[in-house]
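See structure below.
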Amino acid sequence: MEIWPAIDLRHGKPVRLRQGDYDRKTVFGDDPVEFAVQWQQAGAKRLHLVDLDAARGDDPTANRDAVARIVAATGLPCQMGGGVRDQAAIEALLDLGLARLVVGSAALKQPEWFASMCDAFPGKLAAGIDARDGMVATDGWLETSSTPAIDLAQDLRRRTANIAAIIYTDIARDGMMSGPNFDGLRDMADATDIPLVASGGVTTYEDVKKLVEMNMPAAIVGRSIYDGVMQLEQVIAIAGDS
């Protein structure tokens, strides 16, 4: 199973939110490159970045310098989500050296456009499906739609064969150190053949083992490695991400 350590960016600094709430924020330092290099030295082979400013509709360029520095400093494949809503943003972010981008709200609201972008940039775009009680949440998790997450995944698959992955996050679990929604992940895995990335609530080594046993292709780890609840080296060993 691939392990993607997360670095969430707000005003160029590394932070973590609880349940996507911008008012429940922990700042972990001034320079996200330090964490990127730290995770690389611990064995990370790839990184998951989140632009919280762009996701919220704030300045979409606020974190681009930090992103470019992370890519340059590590040389690791990096994927990033947050505010990827038009072709100009896709092109600008890929030009920074990012390996792939995660498209969230726009994939739900403009599925035909998203499918066309997947075809234009094959293997470069993943769908970020964030769910609250099984329903897709959008706009930086500020809104909940009436679309079931599974329906969206199946609709996107019908529209394109070039989608790279689905990053599936249960908002209720994200940043709460309460474990993933295994049932939701299993239902999503059963519903589509798109490679799935588990996100939100991966807290303990037992969580990682269970995801491996479920044959989950990949998982994102965040707060648990920042708080020292898990050591990234051990997570990578359990996942067999060698």
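The values are calculated or read from the model by the stated rules, or taken from the named source; none is laboratory data. These numbers come from a predicted model, not from an experiment. Here the Cβ is made from the backbone with ideal geometry for all residues, glycine too, and neighbour counts use every protein chain on show. The accessibility values were calculated without ligands, DNA or RNA, using every heavy atom of the protein model including side chains. Shrake-Rupley method; radii C 1.70, N 1.55, O 1.52, S 1.80 Å.
Annotations
- When the chymotrypsin sites (Phe, Trp or Tyr not before Pro) in segment 132-212 are filtered for DSSP coil states and for at most 16 other beta-carbon atoms within 10 Å of their beta-carbon, no site remains.
- All aspartates and glutamates inside 12 Å of K25 as judged from Cα atoms, apart from same-chain residues fewer than 8 positions distant: D8
- Inter-centroid distance (Cα atoms) of segment 157-196 relative to segment 13-78, Å: 21 Å
- Antiparallel bridge percentage (DSSP; both residues within segment 1-93; nearest 5): 45 percent
- For segment 188-239, the convex hull drawn through the C-alpha positions has a volume of 66 cubic angstrom per residue.
- Taking E206, E91 and ordering them by how much accessible surface each has at a 1.4 Å probe, largest first, produces E206, E91.
- Here segment 93-203 exposes an accessible surface that is 46 percent carbon and sulfur, computed with a 1.4 Å probe and the other protein chains kept in place.
- Per residue, the average separation of C-alpha pairs within less than 8 Å and at least 6 apart gives the chain a relative contact order of 20 percent.
- Structure-derived percent of Cα pairs over 27 Å apart: which label, when the choices are (i) 32; (ii) 50; (iii) 26: (iii)
- Annotation: the antiparallel percentage among DSSP beta bridges lying fully within the chain is about 30.
- For the residues D53, D65, D130, a 1.4 Å probe over the protein chains yields an accessible-area ranking, largest first, of D65, D130, D53.
- Accessible surface area normalised per residue over the chain is 40 Å², counting heavy atoms of protein chains with a 1.4 Å rolling probe.
- If you take the alpha carbon atoms of segment 57-149 and fit the smallest convex hull around them, that volume is 98 Å³ per residue.
- Max mean-square fluctuation residue, GNM over the chain, Cα-Cα springs under 10 Å, options D183, D31, D86: D183
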